[in-house]
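Shown next, in structure tokens, is the structure this report addresses.
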Amino acid sequence: MKNHQYSLLRIYLKRKEDKKLTAGEQRMWEQWRTLHPLQQEASFDELSLCQLTWSERQVLPWEQFKQKYNIDLPLPIAFPDDEKQSATVQSMRRWPTYRFLTVAASLIGVILAGLGWLLSQNKGFEETSTPTAAATVISPGSRKATLSLVDGQNRLGVPAGGEYSIELPDGTNVWLNAATAIRYPVAFGNGERIVELEEGEAYFEVAKKSPAQPFIVRVKGQTIQVLGTQFNVNAYKEEPAVTTTLVEGSVSLTNGARQKLLKPGQQAVINAKSITIQPVISIEEATAWKHKHFTFHNTRLSVIMMQVKRWYDVEEVVYIDPLNDEQFVIDEFPRSAPLTSLLENLEASRLVHFEVKGRKIYVSKQ
């Protein structure tokens, strides 16, 4: 299973507080419980809680976190430099399956990062990480778009560093991510409701009509047809394929002579040669941008930086050192946060360093 322990822990804590789970969380929990007996529900350990706390450091201070979840964990010990590696290896042997931040190149730096942050909350802690240099403050994106009339249709364009939401003439709601453009008619007739996603990423909450009025999204030569449903389409030109994630309802996908039916909790990856249907590892990650946060589940650094470039309207990401393309996990990091905050979270892995010069980000190894 590819379910992440930190996600299961969050679900566990939500259930403990009698909070309602999302459909994706409920599925993940049921799958995990099928493989684990009841007595193992309490198998989440202290390290997992420490790592979860580290993930929320920009959102929830440690003291508030302890009060929220009614926990009292012992703070980890600070090791001299020559003892860090051996101590960390022992911790990894004790808890081999629990982790917050997964990095292909090194697990050791990950756990040290989590411990380091917890220690930083106490008086007398000396900060050892290298701060992110930022001569220019790069603010997060904001709500902005340009509406124009092209060939009798509305063209709504959202620039890099922007986002927008709109209700179409038929009552369908559409959310547009940064660097996205769609076309739609001034008014829909009694037949097909056709919208074109020229580029970018959009989330559709389709108003249900009669079968004679299907809602159709055309994107890069492909057709997505529905009656009433919610789905996300990622069609950025720098991506190798168009990815459609279905949240609810059903979707018919057509690409040339190929046609597939997509069910809730599934994702379609479509390129010029094929349509591949696969389970969604995390609907929350696929739709995080709509809910105004970043969520990464074992996501490669290069993919993260593409999202950073679009949302913060960065001119260029320059890789000074050869890219190892480590994988990171960050959960529900607010998109309203300044760029430096997000980069500092990534730097806490002690595997990557960023410098911001003007509107360019320079990436190197630590």
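The values are calculated or read from the model by the stated rules, or taken from the named source; none is laboratory data. For clarity, every value in this text was computed on a predicted model and none was experimentally measured. Neighbour counts run over all protein chains shown; Cβ positions are idealised from the backbone, glycine included. For the accessible areas, the whole protein counts, side chains as well, though only heavy atoms, and no ligand, DNA or RNA atoms are used. Shrake-Rupley method; radii C 1.70, N 1.55, O 1.52, S 1.80 Å.
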field: Qualifying positions in segment 295-326 - open to solvent by 60 Å² or more (accessible area, probe 1.4 Å) and touching a residue at least 60 places away in the same chain (Cβ under 8 Å)
entry: LYS309, ASP313, ASN324
- request: Can you confirm whether segment 353-366 contains a residue that is within 30 Å of ARG27 (Cβ to Cβ) and aliphatic (A, V, I, L, M)?
  value: no
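Before we move on, is LYS237 basic (Lys, Arg) and over 25 Å from VAL303 (Cα atoms)?
Values: basic (Lys, Arg): yes; over 25 Å from VAL303 (Cα atoms): no.
Criteria not met by LYS237.
Kindly state which strands (runs of 3 or more DSSP E) lie completely within segment 148-200 and contain at least 2 residues that are open to solvent by less than 50 Å² (accessible area, probe 1.4 Å) and either charged (D, E, K, R) or more than 18 Å from ARG218 (Cβ to Cβ) (or both). Working first, answer last.
On the way: elements: 153-158, 162-167, 173-176, 180-185.
Filter on segment 148-200 gives 162-167.
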query: Hey, any hits in segment 269-278 for a residue that's buried (at least 21 other Cβ atoms within 10 Å of the Cβ), out of contact with any Pro (no Cβ under 7 Å at 6 or more places or on another chain) and farther than 25 Å from GLY141 by Cα?
result: yes
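Would you check if THR254 is in contact (Cβ under 8 Å) with a residue 24 or more places away in the chain, farther than 25 Å from HIS291 by Cα and not small (Gly, Ala, Ser)?
Details: in contact (Cβ under 8 Å) with a residue 24 or more places away in the chain: yes; farther than 25 Å from HIS291 by Cα: yes; not small (Gly, Ala, Ser): yes.
Spelling it out, THR254 is indeed in contact (Cβ under 8 Å) with a residue 24 or more places away in the chain, farther than 25 Å from HIS291 by Cα and not small (Gly, Ala, Ser).
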Looking only at segment 201-230, and only at residues there that are buried (at least 18 other Cβ atoms within 10 Å of the Cβ) and among the hydroxyl-bearing types (Ser, Thr, Tyr), the one that is nearest to the chain's Cα centre (by Cα): TYR203
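Is it true that GLU284 is open to solvent by 40 Å² or more (accessible area, probe 1.4 Å) and charged (D, E, K, R)?
Working: open to solvent by 40 Å² or more (accessible area, probe 1.4 Å): yes; charged (D, E, K, R): yes.
Taking the combined requirement at face value, the residue satisfies it.
Given the condition of a type in the set (Val, Ile, Thr), modelled with pLDDT under 90 and either within 21 Å of ARG27 (Cα to Cα) or part of a loop (DSSP other than H, G, I, E, B) (or both), answer yes or no: does some residue in segment 231-252 qualify? Reasoning before the result, please.
Filtering segment 231-252 down to residues of a type in the set (Val, Ile, Thr) leaves 233, 242-245, 247, 251.
In the following step, the residues that additionally are modelled with pLDDT under 90 were identified as none.
There is no residue in segment 231-252 that is of a type in the set (Val, Ile, Thr), modelled with pLDDT under 90 and either within 21 Å of ARG27 (Cα to Cα) or part of a loop (DSSP other than H, G, I, E, B) (or both).
Results for (1) touching a residue at least 60 places away in the same chain (Cβ under 8 Å); (2) under 18 Å from THR229 (Cα atoms), shown as yes or no for each residue.
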site: ALA179; (1), (2): yes, no
site: ARG183; (1), (2): no, no
site: LEU197; (1), (2): no, yes
site: GLU201; (1), (2): yes, yes
